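Have a look at the structure below before the remarks.
The values are calculated or read from the model by the stated rules, or taken from the named source; none is laboratory data. These numbers were taken from a predicted model, which means no experiment stands behind them. Note that we place each Cβ from the backbone using ideal geometry, even for glycine, and neighbour counts take in every protein chain shown.
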Amino acid sequence: MRLLKQLLPVLLVAFIGGQVVTVLKDNAPASLVVGLLTAALAIWVYGRMVRWSERRPADEVAVRGALSRTAVGMLIGAGWFAAVIGNIAMLGDYKVKGFGEVAGPVGLIGFMAAASVTEELLFRGVLFRIIEGRLGTRISLVLTSALFGAFHLANPDATVWGAVAIAVSAGATLAAAYAATRNLWVPIGLHFGWNYAEAGIFGTEVSGNGDNQGLLHGVTSGPAVLTGGRFGPEASPYTVVFGVLLTMAFLWLARRRGNVVPRRRRDTAAAPAASLAR
C-alpha cells in the first residue's frame, strides 16, 4: 500500500509532463520550461507522499547538497557515455559530420531532466528503496534492474538485448549509486548526464527514440552488435562493460559505508512476537 501511495502520484506527474514535453519537442524554450517544471513538481510530489505515507522527511531529495551531488552524478554519467562513444569512434563506427543547431540541445535539457528525475523517483526512490527494506539491497537491485530494462521494451526499435543491456548496466549502476550515497541526486545526475551527453552533445539515439539534434552532428554506422544499432549505444557491449565496473565500484562504496541492507529473515522478525507471547 505504501508503495502505491508513492508510486501512483509520481507516475501521474511523469505521464502528463511527458506527454506535454513530447508535444512541445519542436519548441525548444517551451520544452525546456515544461521539462524543468515537470522535474520540480515530481520531486515535490514525491517528498509530500513520503512525508504522508512514512511520517518522515524525504531526506533522499533534501535541498541541501542537491547541486553538488547532482553535478557529481552528471560528471560520472557524461564520462561513462564519453568512454562508450570513444570506443565506438575508435572502430570508425561513429563520426562527427559537423555541428547542430543550438535549439535542439536547449530543448533536450528539459526533456532529459523530466525523464531522468521521474524515472529515478519511480525506480530508485520508490521501488528500489521499499523493496530493499523487505528483501535487502542485492535482491532489490536485481529485481528493480530487471523492471527498469523491461520498462524500455515499450520504446520504438526496442530489442530484448537492449532491455537486458539497460538492466545490467543502467539499472544496476543507478541502484548501486543510490545504495552508496543514500540520496537520489547522484543517480538523477548520472542518469541525466548519460542521456544528455548521448542526445544533446553527441546526437545519437537514446533507447530507440530516434535521432536527436545535438551539439554535434554525429553519424553512427557499423555492426549493431557493437554500436547498439537503432536502439542506441545503451545496447552496446561497451556500455555493459563500463556499467558493470561502475556497479562494482558503487557497491564496494556502499559496503564500506555500511549501506548494504541485508535480507530480513522471517525467524528474526517473528522473534519479538514469540517472546511477547510467552
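For this structure, a couple of remarks:
- In segment 151-200, residue nearest to Ala249 (Cα to Cα) [restricted to those that are in contact (Cβ under 8 Å) with a residue 40 or more places away in the chain and among the β-branched types (Val, Ile, Thr)]: Thr173
- When we screen Ser68, Ser116, Ser53 for residues that are free of Cβ contacts under 8 Å to residues at least 12 places away in the same chain, in contact with a helix residue (DSSP H, G or I) (Cβ under 9 Å, 6 or more places away or on another chain), on the phi < 0 side of the Ramachandran plot and part of a helix (DSSP H, G or I), the only hit is Ser68.
- Residue count for segment 159-182 satisfying the condition of being surrounded by fewer than 20 Cβ atoms within 10 Å (Cβ to Cβ) and of a type outside the set (Phe, Trp, Tyr): 5.
- Meets criteria (under 25 Å from Val63 (Cβ atoms), part of a loop (DSSP other than H, G, I, E, B) and at pLDDT 90 or above) for Asn183: yes
- Among (1) closer than 23 Å to Ala177 by Cα; (2) surrounded by 17 or more Cβ atoms within 10 Å (Cβ to Cβ) - the single one Ala62 does not satisfy: (2)
- Within the set Phe151, Phe111, the sole residue that is closer than 24 Å to Ala78 by Cα, at pLDDT below 95, surrounded by fewer than 24 Cβ atoms within 10 Å (Cβ to Cβ) and of a type outside the set (A, V, I, L, M) turns out to be Phe151.
- Out of Gly243, Gly258, one residue alone is modelled with pLDDT of 95 or more, outside any helix (DSSP H, G or I) and either crowded, with 22+ Cβ neighbours inside 10 Å or more than 17 Å from the chain's Cα centre (by Cα) (or both). It is Gly258.
- Val63 among the hydrophobic types (A, V, I, L, M, F, W, C) and either part of a helix (DSSP H, G or I) or under 14 Å from the mean Cα position of the chain (by Cα) (or both): no
- Asp26 exposed (fewer than 14 other Cβ atoms within 10 Å of the Cβ) and more than 14 Å from Val186 (Cα to Cα): yes
- Segment 216-240 - residue that is among the hydrophobic types (A, V, I, L, M, F, W, C) and part of a helix (DSSP H, G or I) and, of those, surrounded by the most Cβ atoms within 10 Å (Cβ to Cβ): Ala235
- Sub-7 Å Cβ pairs linking a first residue in segment 82-101 that is part of a loop (DSSP other than H, G, I, E, B) to a second residue that is of a type in the set (Val, Ile, Thr), at least 6 apart or interchain, are Asp93/Thr220; Asp93/Thr227, ordered by first then second residue.
- Of the residues making up segment 194-203, none is in contact with a helix residue (DSSP H, G or I) (Cβ under 9 Å, 6 or more places away or on another chain), over 20 Å from Met74 (Cβ atoms) and at pLDDT below 95.
- Every listed requirement among (1) free of Cβ contacts under 8 Å to residues at least 40 places away in the same chain; (2) part of a helix (DSSP H, G or I); (3) within 29 Å of Val20 (Cα to Cα) is met by Ala42 save one, (1).
Rundown of residues vs (1) surrounded by fewer than 19 Cβ atoms within 10 Å (Cβ to Cβ); (2) out of contact with any strand residue (DSSP E or B) (no Cβ under 6 Å at 6 or more places or on another chain), yes/no style:
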position	(1), (2)
Arg51	yes, yes
Ala78	no, yes
Ile88	no, no
Gly98	yes, no
Gly104	no, yes
Arg124	no, yes
